[in-house]
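Asks: Below are the structure tokens for one structure; questions will follow.
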Amino acid sequence: MNDTHFDVLVVGMGPAGLMCALSLAKAGIRTKIIDRRAPGTQYGNADGIQPRTAEIWDSYGILKRFAEGSVPVHAMVTYNPEVINGELKLIRSHPVRSIVVDSRFPHERTAGIEYIEGTLREALLEAGGSVEFSTTPTNVEVMPESQSDYPVKVTLEKLAAPMDNRDDDGVLNQAAFTETIQAKYLVGADGANSWVRRFFEIPLEGDLTKSVWGVADVIVDANFSDCRMKCIITAPTGTIITIPREGEKIRFYVQMSLDDCQLTSDGRVDKSYLSSEAARHKVISRIQAGMSPFEVKFTEVFWWTIFAIPQRVAKQFSVHDRVFIVGDACHQHSPKAGQGANAAMCDSHNLGWKLAHVIKGWASPNLLRTYEVERKGYAQQLINFDKEISETLERDPESYERVLHRQNMFTSGLGVRYNSMLINQPSSSHEGEQGITAGRYLPWCPITRLADWDSMDMQSLIIFDGLWKLLILPGDIRSPNNLAELARTEKELTRCVGVLKHASLYTILDNREDEVQWTDVPRALRSWKRVFVSGRKSSLNVYELLGDSKLGSLVLVRPDGYVSMVQELSQFNGDELTRFFLGL
């Protein structure tokens with residue numbers, strides 16, 4: 001294989017593109033990712049990950065390295081203006097938890113975009129991905145499949161120029177040479193102004209709002225005690241949101257006036273109207289005015305911008321089943337609830353394993369259509385939520401706080417639910433926010449490995465390796481009936497050997513560690529690394545998550561960690577499982 005042919009070419013090296021490339025590389029797919037920016041460009045954008053994204057990152061083995069340089073955000077507090085003795089004050093409310101749903105990682109984690117992307121890029125290079133900066137596509141041709149195994153032909157322009165020829169986004173402006181790449185698939189992860197989306201004339205549907213915000217990453221010297229909490233401040237000049245960052249940094253979002261800028265016809269802030277330094281002055285002045293009577297001095301200002309907020313979703317997420325868009329390229333909304341990069345990375349996490357399955361011949365191209373079915377539905381929910389949260393900021397900070405808590409399952413990512421051909425029993429009897437439910441991500445729950453009594457978490461079984469996971473939960477195997485049912489299940493599984501080469505099997509018993517041994521399970525399931533017990537110690541028991549601890553169950557989990565099927569063990573039939581996999 002030469003350097004001009006790749007399984008997948010990803011355009012855009014933000015969180016969405018890097019996540020997509022990483023998921024593909026970890027599955028053994030030959031992937032190249034490009035970006036128009038030069039290396040080392042300083043900019044802002046996303047700066048945090050939500051609990052669900054943290055679970056995904058943990059499954060990729062990259063959360064720990066990110067945690068070392070990021071900061072957890074546990075608490076949130078609001079401020080309201082009030083006139084006391086003729087003097088305007090900002091009155092502090094009672095602080096609350098910012099994340100109120102149960103999770104392995106019950107908080108947000110924040111750090112600069114360079115650290116988020118750096119973590120992903122380092123992991124991508126370790127997985128064998130190919131990375132190229134200062135490169136942009138100029139043309140795409142999708143050829144008939146009969147003509148080539150690599151039907152997506154992309155012309156790339158390699159840019160080269162001295163530092164002073166970069167534009168405000170760190171993009172080099174002078175073309176040095178062009179090259180042609182051929183790929184099986186193309187993924188556009190190139191942001192809100194996506195070249196890929198525009199090239200294929202995919203329209204955006206929704207609203208261009210006239211809401212304009214400023215943002216700045218700073219270090220301050222202030223007589224304000226809540227710099228290490230998330231703050232929502234209703235100031236006479238407009239709403240201010242503060243988010244603690246790594247080290248002494250803080251991110252400020254501040255509501256701006258339309259008088260501060262001009263908008264283009266497509267609803268973006270016209271940068272030609274306002275110089276970078278003028279924008280800096282307007283953002284900083286607005287923050288200081290809004291924070292009064294607190295005194296806020298900016299000792300360092302690392303990055304700033306002014307932006308308008310659209311609320312739009314692309315009409316389609318793919319073209320010819322060969323070209324896909326992810327992240328801001330297909331949905332655009334405000335950053336007010338910290339969803340942007342999280343939604344984008346979850347798009348890619350959803351798409352990556354499906355592309356890998358099709359490229360490896362494990363599934364038909366029809367599998368790729370579930371990407372749009374699942375993620376476009378989510379994107380529309382995201383826009384609806386964004387409209388609701390934006391409206392609350394026009395009222396009072398308590399409204400924002402109430403909506404954020406009420407919608408915490410959604411904003412944390414833990415409540416996102418899919419319904420496609422990949423979900424069997426979408427209306428499962430095992431309902432509940434924290435239960436094991438078809439269409440939702442496998443929840444966290446403590447378990448114990450029986451061979452060595454090592455305490456673990458059920459989510460540690462679903463590491464991202466491109467494989468499905470089959471969890472067998474037979475109940476208490478001291479019961480002769482349960483043990484017999486487990487033996488029957490083993491025989492049924494031996495009929496599925498051909499399809500189960502794409503899955504890992506685990507057995508979780510409803511026993512204490514001292515009641516049974518791992519060798520008590522049937523021979524085909526007998527691996528010391530793959531037999532666990534619920535332990536019955538914790539208040540959170542895996543069998544209770546299934547809804548009935550007396551019934552044995554089989555749980556099929558997709559490579560992205562979402563539950564595809566929950567079935568009573570007594571109803572399990574190997575032929576049905578085989579048909580499911582062959583139907584992918």
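The values are calculated or read from the model by the stated rules, or taken from the named source; none is laboratory data. These numbers were taken from a predicted model, which means no experiment stands behind them. As a convention, Cβ positions derive from the backbone with ideal geometry for all residues, glycine included, and neighbour counts pool all protein chains shown.
Asks: Quick check on this structure: which one of V96, V11 is of a type in the set (A, V, I, L, M), farther than 22 Å from I463 by Cβ, out of contact with any Ser or Thr (no Cβ under 6 Å at 6 or more places or on another chain) and at pLDDT 95 or above?
Replies: Values: V96 fails: at pLDDT 95 or above.
Just a single option satisfies the conditions, and that option is V11.
Asks: Can you tell me which residue within the stretch 129-156, out of those that are at negative phi and assigned to a loop (DSSP other than H, G, I, E, B), is surrounded by the fewest Cβ atoms within 10 Å (Cβ to Cβ)? I'd like the intermediate steps shown before the answer.
Replies: Just the residues of the stretch 129-156 that are at negative phi, to begin with: 129-133, 135-156.
Next, from what is left, pick out any that are assigned to a loop (DSSP other than H, G, I, E, B): 129, 133, 143-144, 148-151.
Values: G129: 23, F133: 18, M143: 13, P144: 7, S148: 13, D149: 9, Y150: 18, P151: 18.
Going through the qualifying residues, I end up with P144.
Asks: Something else about it: Note down all Cβ pairs under 6 Å where the first residue falls in the stretch 288-302 and is assigned by TED's automatic domain parsing to the domain that holds V215 and of a type in the set (D, E), the second is outside any helix (DSSP H, G or I) and surrounded by 15 or more Cβ atoms within 10 Å (Cβ to Cβ), and they're at least six residues apart or on different chains.
Replies: Partner pairs satisfying both residue conditions: E300/I219.
Asks: A follow-up question, please. Can you pull out the residues in the stretch 460-483 that are outside any loop (DSSP other than H, G, I, E, B), β-branched (V, I, T) and under 18 Å from W353 (Cβ atoms)? Don't jump to the end; show me each part of the working.
Replies: Here is the first cut: in the stretch 460-483, the ones outside any loop (DSSP other than H, G, I, E, B) are 460-462, 468-475, 480-483.
Right, trim to β-branched (V, I, T) and you get 462, 472.
Answer for the stretch 460-483, where residues must be outside any loop (DSSP other than H, G, I, E, B), β-branched (V, I, T) and under 18 Å from W353 (Cβ atoms): just I462.
Asks: A further question on this structure: So R197 ticks every box in (1) closer than 30 Å to N139 by Cα; (2) without any contact (Cβ under 8 Å) to a residue 24 or more places away in the chain; (3) in a helix (DSSP H, G or I) but one. Which box is left unticked?
Replies: Condition (2) is where R197 drops out.
Asks: Then there is this: Which condition does I508 not pass, out of (1) in a strand (DSSP E or B); (2) more than 20 Å from R449 (Cβ to Cβ), if it passes all the others?
Replies: With respect to (1) in a strand (DSSP E or B); (2) more than 20 Å from R449 (Cβ to Cβ), I508 is out only on (2).
Asks: Another question about this same structure. Contact list please: Cβ distance under 7 Å, first residue in the stretch 249-278 and more than 30 Å from P72 (Cβ to Cβ) and touching a residue at least 60 places away in the same chain (Cβ under 8 Å), second residue of a type outside the set (G, A, S) and surrounded by fewer than 18 Cβ atoms within 10 Å (Cβ to Cβ), pairs at least six apart or on different chains.
Replies: Matching pairs, first to second residue: K271/D168; S276/D168.
Asks: Could you list all residues from the stretch 85-105 that are in a strand (DSSP E or B) and either of a type in the set (D, E) or under 30 Å from R440 (Cα atoms) (or both)? Lay out the reasoning, then the answer.
Replies: Our first condition is that a residue be in a strand (DSSP E or B); within the stretch 85-105, this holds for 87-92, 96-97.
Passing the criteria: E87, V96, R97.
Asks: State whether the residues of the stretch 188-195 include one that is modelled with pLDDT of 95 or more and either of a type in the set (V, I, T) or outside the structural domain of K360 (by TED's automatic domain parsing) (or both).
Replies: First pass over the stretch 188-195, keeping only residues modelled with pLDDT of 95 or more: 188-190, 194-195.
If we keep only those that are either of a type in the set (V, I, T) or outside the structural domain of K360 (by TED's automatic domain parsing) (or both) as well, we get none.
No, there is no match, as no residue in the stretch 188-195 is modelled with pLDDT of 95 or more and either of a type in the set (V, I, T) or outside the structural domain of K360 (by TED's automatic domain parsing) (or both).
Asks: What pairs come up if the first residue lies in the stretch 134-154 and is over 20 Å from G361 (Cα atoms), the second is of a type in the set (S, T, N, Q) and crowded, with 18+ Cβ neighbours inside 10 Å, and their beta carbons are under 8 Å apart, counting only those six or more places apart or on different chains?
Replies: K153/Q182; V154/Q182
Asks: I'd like to know if the stretch 237-251 contains one or more residues that are outside any helix (DSSP H, G or I) and loosely packed, with under 14 Cβ neighbours inside 10 Å. Talk me through it step by step, then tell me what you get.
Replies: Here is the first cut: in the stretch 237-251, the residues outside any helix (DSSP H, G or I) are 237-251.
Still in the list and also loosely packed, with under 14 Cβ neighbours inside 10 Å: 247.
Yes: the stretch 237-251 contains one or more residues that are outside any helix (DSSP H, G or I) and loosely packed, with under 14 Cβ neighbours inside 10 Å.
Asks: One residue is enough: does the stretch 173-185 have a residue meeting the conditions touching a helix residue (DSSP H, G or I) at 6+ places or on another chain (Cβ under 9 Å), at pLDDT 90 or above and assigned by TED's automatic domain parsing to the domain that holds L18? Before the answer, list the steps.
Replies: Filtering the stretch 173-185 for residues touching a helix residue (DSSP H, G or I) at 6+ places or on another chain (Cβ under 9 Å) gives 173-174, 184-185.
Among the residues that remain, those that are also at pLDDT 90 or above are: 184-185.
Checking the rest, the ones that are also assigned by TED's automatic domain parsing to the domain that holds L18 come to 184-185.
Yes, because at least one residue in the stretch 173-185 is touching a helix residue (DSSP H, G or I) at 6+ places or on another chain (Cβ under 9 Å), at pLDDT 90 or above and assigned by TED's automatic domain parsing to the domain that holds L18.
Asks: May I pose another question? Please pick out the residue among L382, L393, L404 that is modelled with pLDDT of 80 or more and either of a type outside the set (V, I, T) or in contact with a Pro (Cβ under 6 Å, 6 or more places away or on another chain) (or both).
Replies: Criteria check complete, one pass: L382.
Asks: Answer with yes or no whether K158 is of a type in the set (K, R) and modelled with pLDDT under 95. Can you show your working first?
Replies: Values: of a type in the set (K, R): yes; modelled with pLDDT under 95: yes.
Yes: the conditions hold for K158.
Asks: Could you grab me the full set of residues in the stretch 353-373 that are in contact with a strand residue (DSSP E or B) (Cβ under 9 Å, 6 or more places away or on another chain) and under 26 Å from L124 (Cβ atoms)? Lay out the reasoning, then the answer.
Replies: Here is the first cut: in the stretch 353-373, the residues in contact with a strand residue (DSSP E or B) (Cβ under 9 Å, 6 or more places away or on another chain) are 355-356, 358-359, 368-369, 371-372.
L355, A356, V358, I359, L368, Y371, E372, listed by residue number.
Asks: Sticking with this one: Hey, any hits in the stretch 242-258 for a residue that's touching a Gly at 6+ places or on another chain (Cβ under 8 Å), in the same structural domain as S276 (by TED's automatic domain parsing) and of a type in the set (S, T, N, Q)?
Replies: Looking for residues that are touching a Gly at 6+ places or on another chain (Cβ under 8 Å), in the same structural domain as S276 (by TED's automatic domain parsing) and of a type in the set (S, T, N, Q), one finds at least one in the stretch 242-258, hence yes.
Asks: Same structure, new question: Please find, among D457, D520, D514, the residue that is of a type in the set (D, E, K, R) and either within 23 Å of the chain's Cα centre (by Cα) or within 21 Å of W353 (Cα to Cα) (or both).
Replies: Answer to the check: D457.
Asks: Return the pairs, sorted by first residue and then second, in which the second residue is at pLDDT 95 or above and of a type in the set (G, A, S), the first residue lies in the stretch 316-335 and is under 30 Å from S146 (Cβ atoms) and assigned to a helix (DSSP H, G or I), the beta carbons are less than 8 Å apart, and the residues are 6+ apart or on different chains.
Replies: A329/G12; A329/A16; A329/G188; A329/A189; A329/S194; A329/A314
Asks: Tally the residues that are of a type outside the set (A, V, I, L, M) and not in a loop (DSSP other than H, G, I, E, B), restricting the search to the stretch 207-236. Can you show your working first?
Replies: First pass over the stretch 207-236, keeping only residues of a type outside the set (A, V, I, L, M): 207, 209-211, 213-214, 217, 221, 223-228, 230-231, 234, 236.
Filter again for not in a loop (DSSP other than H, G, I, E, B), leaving 207, 209-211, 213-214, 217, 221, 230-231, 234.
Result for the stretch 207-236: 11.
Asks: Can you name the condition, by its number, that Y79 falls short on among (1) touching a residue at least 12 places away in the same chain (Cβ under 8 Å); (2) closer than 30 Å to T138 by Cβ?
Replies: Here Y79 clears every test but (2).
Asks: Same structure again: Does the stretch 258-309 hold any residues that are among the acidic types (D, E), over 23 Å from I232 (Cβ atoms), modelled with pLDDT under 95 and not in a loop (DSSP other than H, G, I, E, B), and which are they? Walk me through it before giving the result.
Replies: The first filter runs over the stretch 258-309 and keeps only residues among the acidic types (D, E), leaving 259-260, 266, 270, 277, 295, 300.
Among the residues that remain, those that are also over 23 Å from I232 (Cβ atoms) are: 259, 266, 270, 277, 300.
This time we only want the ones that are modelled with pLDDT under 95, so: 259, 266, 270, 277.
Answer for the stretch 258-309, where residues must be among the acidic types (D, E), over 23 Å from I232 (Cβ atoms), modelled with pLDDT under 95 and not in a loop (DSSP other than H, G, I, E, B): D259, E277.
Asks: Residues that are closer than 16 Å to H333 by Cα: which helices (runs of 4 or more DSSP H) entirely in the stretch 353-427 hold 2 or more of them? If you could, list the steps in order and put the result at the bottom.
Replies: Details: elements: 369-393, 397-406, 408-411.
The qualifying helices (runs of 4 or more DSSP H) are 369-393, 408-411.
Asks: Of the residues in the stretch 3-60, how many are surrounded by 24 or more Cβ atoms within 10 Å (Cβ to Cβ), assigned to a loop (DSSP other than H, G, I, E, B) and among the hydrophobic types (A, V, I, L, M, F, W, C)?
Replies: 3
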